[in-house]
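The values are calculated or read from the model by the stated rules, or taken from the named source; none is laboratory data. The structure displayed is predicted, hence computed values, not measured ones. Quick reminder, even Gly has a Cβ in these numbers, built from the backbone with ideal geometry, and neighbours come from all protein chains shown.
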Amino acid sequence: MPHIYLIYVGPMESSIFNRPKSTTAVDWRQLGHCYYPLNLSLRQRFGCRVQKISLDGGFTCPNVDGSLTTGGCTFCDNRAFSPSRRVRRDVITAQIQRGIEGLRRRYEIEKFLAYFQPATNTYGSLDKLRMLWDAALEDERIVGLVIGTRPDCVPDEVLDLVDEYAQRTYVSLELGVQTIHDASLEWMNRGHGHAASVDALQRVQGRHFETSLHVMLGLPGETHAMMMETAWQVAKWNPHGVKIHNLYVVQRTRLAEQVGTGQVRLMEMQEYVNVLADFLEVLPPQMVIERISGDAPPKDLIAPRWVLEKGSIKQALIATLAGRQSYQGSKYSGHSD
């Protein structure tokens, strides 16, 4: 079968999310870092180590339940995201307790963030959202909320509710932008285009919560230039943080079929690291880098297997930037137009 080629047509959006310019909150370069890592940012904010506890709030996605389309994202195993899923308040409490026990076996730690992660965690009624967030915050060890969602699932009434909670605790809203290229979003079967990201980021301005973006590198058909267009747009939006990861394949997905038949090629590790370094160079130095790679449970992961080697990826990135005598923000212009 032929390879899949996606073509992006149209200009890159200009700045719409002009966070007030500020100096880097912490001198991470002086501390020996080549980018501003999340753990350093959280330690600065809370005065100690803080870890996220992944919580399943029983959500689905609008490209799974038929509201927009069906089948879910091309790269996701969507079997668990049934429209009929329900999660009780006590189930959230139990998830938190298990998460804390697991993390304490590895770290000496007392503070945690409740991370509503699987599926689209604002895709529900306001009553459901309030119940889940209240349940998480009942535990005194939970010092904030992290809410993962899609840019097309944050109507104003949801943003108002998030803002309400952000006025009494730490809240980070994670938007799965993924790319600025509509052809890639169509390949993903997202059910929304880049315009949804632009709209969402316009409407989060002036809120009390932090905003971070998810971005994927190595999408089929995206050239280096196209990936850098996404990088420049993220820099112009200037959110508090960004999560960056490579395209990888898990079992029971349409992407698995496409890789298996040779339609889609995955990046090699150093190839990915080179693009990642380019991406970081154009981002503002005060933007928190929440992730530099993604992975999956080994039993579910098909390829590339190098995503399981997080330490090797980080060391390769450090070596690549050092070889360039470079770092996050070294090519950031600071201009928003």
Item checked: Odd one out for Cys61, checked against (1) within 28 Å of Glu101 (Cα to Cα); (2) buried (at least 17 other Cβ atoms within 10 Å of the Cβ) -> (1)
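Which of the residues belonging to the stretch 85-134 are among the small types (Gly, Ala, Ser) and out of contact with any strand residue (DSSP E or B) (no Cβ under 9 Å at 6 or more places or on another chain)? Show your work before the answer.
Initially, the stretch 85-134 is screened for residues among the small types (Gly, Ala, Ser), giving 94, 99, 102, 114, 119, 124-125.
If the condition is that a residue be among the small types (Gly, Ala, Ser) and out of contact with any strand residue (DSSP E or B) (no Cβ under 9 Å at 6 or more places or on another chain), then Ala94, Gly124, Ser125 are the ones that fit.
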Margin query: Looking at the stretch 78-88, can you tell me whether even one residue there is surrounded by fewer than 16 Cβ atoms within 10 Å (Cβ to Cβ) and modelled with pLDDT of 95 or more?
Written below: no
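Is it true that some residue in the stretch 48-55 is of a type outside the set (S, T, N, Q), at pLDDT 95 or above and either under 25 Å from Gln251 (Cα atoms) or part of a helix (DSSP H, G or I) (or both)? Write out each step before concluding.
Step one: of the stretch 48-55, the residues of a type outside the set (S, T, N, Q) are 48-50, 52-53, 55.
Narrowing the set further to residues that are at pLDDT 95 or above leaves 48-50, 52-53, 55.
Okay, now just the ones that are also either under 25 Å from Gln251 (Cα atoms) or part of a helix (DSSP H, G or I) (or both), so 53, 55.
Checked against the condition, which is being of a type outside the set (S, T, N, Q), at pLDDT 95 or above and either under 25 Å from Gln251 (Cα atoms) or part of a helix (DSSP H, G or I) (or both), the stretch 48-55 yields at least one hit.
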Next item on the list: Scan (1) within 23 Å of Gln202 (Cα to Cα); (2) surrounded by fewer than 16 Cβ atoms within 10 Å (Cβ to Cβ); (3) of a type outside the set (Phe, Trp, Tyr); (4) in contact with a strand residue (DSSP E or B) (Cβ under 7 Å, 6 or more places away or on another chain) for the single condition Leu173 breaks and write down its number.
Entry: (2)
Check: Before we move on, is Pro239 within 19 Å of the chain's Cα centre (by Cα) and modelled with pLDDT under 95?
Finding: no
Item checked: Residues of the stretch 273-319 satisfying the condition of being closer than 22 Å to Gln251 by Cα and under 17 Å from the mean Cα position of the chain (by Cα) -> Ser293, Gly294, Asp295, Ala296, Val307, Lys310
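May I ask you to say which residue of Gly176, Gly191 is within 19 Å of the chain's Cα centre (by Cα) and either free of Cβ contacts under 8 Å to residues at least 12 places away in the same chain or on the phi > 0 side of the Ramachandran plot (or both)?
Numbers: Gly176 fails: either free of Cβ contacts under 8 Å to residues at least 12 places away in the same chain or on the phi > 0 side of the Ramachandran plot (or both).
After ruling out the rest, the residue left standing is Gly191.
Among the residues of the stretch 276-287, is any more than 21 Å from Gln233 (Cβ to Cβ) and among the charged types (D, E, K, R)? Full working, then the answer.
Within the stretch 276-287, the first condition is being more than 21 Å from Gln233 (Cβ to Cβ), and the residues that meet it are none.
No, the conditions are met nowhere in the stretch 276-287.
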Notebook entry, point to check: Can you find even one residue in the stretch 219-227 that is within 19 Å of Arg45 (Cβ to Cβ) and in contact (Cβ under 8 Å) with a residue 40 or more places away in the chain?
Noted result: no
Item checked: Failed condition for Lys314, given (1) in contact with a Cys (Cβ under 6 Å, 6 or more places away or on another chain); (2) surrounded by fewer than 20 Cβ atoms within 10 Å (Cβ to Cβ) -> (1)
Check: Which residues, taken from the stretch 138-161, are more than 25 Å from Gln205 (Cα to Cα) and surrounded by 17 or more Cβ atoms within 10 Å (Cβ to Cβ)?
Finding: Ile142
Notebook entry, point to check: Would you pick out the residues in the stretch 113-142 that are touching a helix residue (DSSP H, G or I) at 6+ places or on another chain (Cβ under 6 Å) and assigned to a strand (DSSP E or B)?
Noted result: Ala114, Ile142
Margin query: Condition check: more than 25 Å from Ala114 (Cβ to Cβ), modelled with pLDDT of 50 or more and not small (Gly, Ala, Ser). Does His33 satisfy that?
Written below: yes
Next item on the list: Give the number of residues within the stretch 123-163 that are more than 15 Å from the chain's Cα centre (by Cα) and polar (S, T, N, Q).
Entry: 1
Note to self: On the basis of being of a type in the set (A, V, I, L, M, F, W, C), part of a helix (DSSP H, G or I) and within 21 Å of the chain's Cα centre (by Cα), does Ala322 make the cut?
What the structure shows: no
Notebook entry, point to check: What number of residues within the stretch 280-306 satisfy the criterion of being touching a residue at least 24 places away in the same chain (Cβ under 8 Å) and closer than 24 Å to Val146 by Cα?
Noted result: 15
Next item on the list: Within the stretch 104-124, track down each residue that is touching a residue at least 24 places away in the same chain (Cβ under 8 Å) and closer than 16 Å to Glu140 by Cβ.
Entry: Ile109, Glu110, Lys111, Phe112, Leu113, Ala114
